[in-house]
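Reviewing the structure listed below.
The values are calculated or read from the model by the stated rules, or taken from the named source; none is laboratory data. Owing to the predicted nature of the structure, the values given are computational and were not obtained by experimental measurement. Neighbour counts run over all protein chains shown; Cβ positions are idealised from the backbone, glycine included. These accessible areas exclude ligands, DNA and RNA; they are computed on the full protein's heavy atoms, side chains included. Shrake-Rupley method; radii C 1.70, N 1.55, O 1.52, S 1.80 Å.
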Amino acid sequence: MFTTTVWIAEGFLALFFALSGVPKILGTGIDRWVGFDDVPRGLTVLIGTSELAAAVGLVVPVLAGRGEWTTPLAALGIAVISLMASGFHLRNREWLAALETALWASLAITVTAARWDKFATAPALSRHDLVPIAILVLLPALLVNLVVLTRRTA
């Protein structure tokens, strides 16, 4: 039951981020997302590419039966992207969009925790070596969000 629930969560994350990443890369349908009018095109493509790569990284390794240890990293990447987006929306006083991205981040963090045991199959790093790396990835995202939240928008 637990594995099925995690698969459903991964499926939702992968579907949402694949469907939101492709339009950002192609530049079509971008008007559906709040706040992208002020974001430079290059940054929009980078965000879309990151979302699509994370969506693929969530599902493909497990389906292929190879590299399953990358699944929690993909979920962690989605959490970071979502937390950064949440800070962006909070700064622009877009409360509903901020709540939505925070909920996606919490789902991604849950998948990361549920798939954490996959790190045992990682090629070179042990599970204990990856914890500081995960903290180093999440800490800048947290700091950026705190800085953004403390600044007032004009």
Any idea what angle helix 127-150 forms with the longest principal axis of the chain, computed on alpha-carbon atoms, 0 to 90 degrees, nearest 10?
10 degrees
At a 1.4 Å probe radius, carbon and sulfur cover how many percent of the accessible area of the chain?
71 percent
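Accessible area per residue for the stretch 1-108 in Å², computed with a 1.4 Å probe and the full protein assembly in place, what is it?
54 Å²
Need one word for the chain: rounded, prolate or oblate. Basis is the Cα gyration tensor (sqrt eigenvalues a ≥ b ≥ c); a/c below 1.5 gives rounded, then a/b vs b/c decides.
Cα axes put the chain in the prolate bin.
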Rounded to the nearest 20 debye, what is the charge dipole size of the stretch 36-97 about its Cα centre when +1 sits on each Lys and Arg Cβ and -1 on each Asp and Glu Cβ?
80 debye
The size of the Cβ-based charge dipole (Lys, Arg +1; Asp, Glu -1) of the chain about the Cα centre, to the nearest 20 debye, is 200 debye
Evaluate E = 1/(1 + (r/R0)^6) for THR49 and PHE2, where r is the Cβ-Cβ distance and R0 equals 41 Å; express this FRET efficiency to the nearest 0.05.
0.80
